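S.K.: First the structure, then my questions, so here it is.
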Amino acid sequence: MTNKPRHPHRKPLWQKLAKIFRPWHRRLGIASALLVVMVAVTGVLINHSNDFALDSAHVHQGWLLDHYGIKAPGRVAIFETQPLLATSDNLLWLKGKPVLEAQGPLLGALAYGEHYVAIDAQHLYLLGQDGALLEQQGRATGLPQDLKALGLLPTGDGQQLWLDTDSGSYLSDADLIEWQAAKPLVVLDWQAPLADDKSHALIQELSLNARAMHLTWERVLLDLHSGRIVGLAGSLMMDLVALSLIFMAISGLYLWQQAKPKKRKIK
């Protein structure tokens with residue numbers, strides 16, 4: 001019985017696989033090259049985010065904040081410009097930095113002696129020159145409720161701090177401990193936000209800074225690295241890149257193995 005001769009034009013399996021792998025290895029390598037570079041660069045930056053202070057560097061690019069859906073605060077008010085004393089919703093800003101997150105939208109803030117005072121509808125906050133919170137008052141400490149505005153009245157030996165509320169005006173003692181219902185003897189100008197051209201420019205800057213508080217460059221890099229920055233489609237695309245890399249690694253090893261010169265057996 002004789003063996004059937006092999007088909008003279010039939011290629012071995014390894015040549016068929018090499019013919020399939022070689023063009024796809026090249027195509028996938030070219031197609032994913034830019035994404036691989038991006039993943040590598042963002043990975044290095046994320047790994048050293050503390051060294052580059054990326055975890056504390058906030059994004060001030062308006063288009064990027066818009067992409068993340070971060071909206072401007074509902075109310076921004078400038079109360080003093082030297083130094084800058086302002087509010088954005090429930091944040092108090094001093095010298096360009098947020099120093100207090102109140103329990104409600106802030107209604108006013110002013111310098112009182114060597115301290116700063118701010119109020120929301122139900123609380124009063126006393127801060128030091130550096131913006132550190134020294135004391136918080138509320139109903140439990142005897143503070144009048146339903147506050148509307150702050151007011152200062154000069155006296156011979158200093159200033160009186162007044163509160164305007166839904167139930168009338170209140171005067172504090174020198175230590176801001178006790179509050180007494182009273183009527184000022186002179187017309188008192190209750191504090192109101194500044195409304196000049198300079199304050200308008202500051203409002204725009206502060207509004208951007210308030211938005212930037214919600215987004216750091218570390219978060220942007222993490223989203224770039226994973227593809228989440230463009231939603232589900234980006235995540236799926238990065239999954240495809242990962243699968244492509246796996247395929248290229250396997251096909252590259254296979255092609256390299258088949259391209260190695262065969263060692264002849266010594267008889």
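Readers should treat all values here as calculations from the given coordinates under stated rules, not as data from a laboratory. Note that the structure is predicted; figures quoted are calculated from it, not measured. For neighbour counting, all protein chains shown are included, and Cβ atoms are generated from backbone atoms with ideal geometry for every residue, glycine included.
S.K.: Return the FRET efficiency for the residue pair ASP166, LEU134: r is the Cβ-Cβ distance, R0 is 25 Å, and the value is rounded to the nearest 0.05.
M.R.: Numbers: r = 27 Å, r/R0 = 1.07.
So, using R0 = 25 Å, E works out to roughly 0.40.
S.K.: Next up: Can you give the FRET efficiency for ILE46 and HIS115, using 1/(1 + (r/R0)^6), R0 = 41 Å, r = Cβ-Cβ distance, to the nearest 0.05? Display every interim value, and only then the final one.
M.R.: On the way: r = 42 Å, r/R0 = 1.02.
Step by step, r from the Cβ atoms, then E = 0.45.
S.K.: Determine, for each peptide in 101-108, 166-173, the mean count of other beta carbons within 10 angstrom over its residues, then list the peptides with the highest first. Don't skip to the end; give the middle numbers.
M.R.: On the way: 101-108: 17.9, 166-173: 14.6.
Order by mean packing, descending: 101-108, 166-173.
S.K.: Also: Using the Karplus curve 6.51 cos²θ - 1.76 cosθ + 1.60 with θ = phi - 60°, what ³J(HN,Hα) values do you get for each residue of segment 94-99, in whole Hz, with x for Gly and Pro?
M.R.: 9, 6, x, 10, x, 10
S.K.: Taking Cα pairs under 8 Å and at least six residues apart, what relative contact order does segment 75-195 come out at, in percent? Walk me through the numbers before you get to the answer.
M.R.: Numbers: 268 pairs, mean separation 19.9, N = 121.
Here the relative contact order equals 16 percent.
S.K.: Convert each backbone phi in segment 137-147 into a coupling constant with the Karplus relation 6.51 cos²θ - 1.76 cosθ + 1.60 (shift: θ = phi - 60°), then list the ³J(HN,Hα) values in order as whole Hz, x for Gly and Pro.
M.R.: Whole-Hz 3J(HN,Hα) from phi for segment 137-147: 10, x, 4, 5, 9, x, 6, x, 9, 6, 6.
S.K.: How much net charge surrounds SER169 when only the other residues with a Cβ under 12 Å from the Cβ of SER169 are counted, with Lys and Arg +1 and Asp and Glu -1? If you can, show how the numbers build up before the last one.
M.R.: On the way: positive: LYS148, LYS183; negative: ASP164, ASP166.
Its environment carries a net charge of 0.
S.K.: Continuing with this model, one more query. Please report ARG75, ARG219 as a ranked list, fewest other C-beta atoms within 10 angstrom at the top and most at the bottom.
M.R.: Taking fewest neighbouring Cβ atoms as first place, the list is ARG75, ARG219.
S.K.: With r as the distance between the Cβ atoms of ASP146 and VAL186 and R0 = 22 Å, compute the FRET efficiency 1/(1 + (r/R0)^6) and round to 0.05. Each step should come with its number before you reach the end.
M.R.: On the way: r = 24 Å, r/R0 = 1.10.
Here the calculated transfer efficiency is 0.35.
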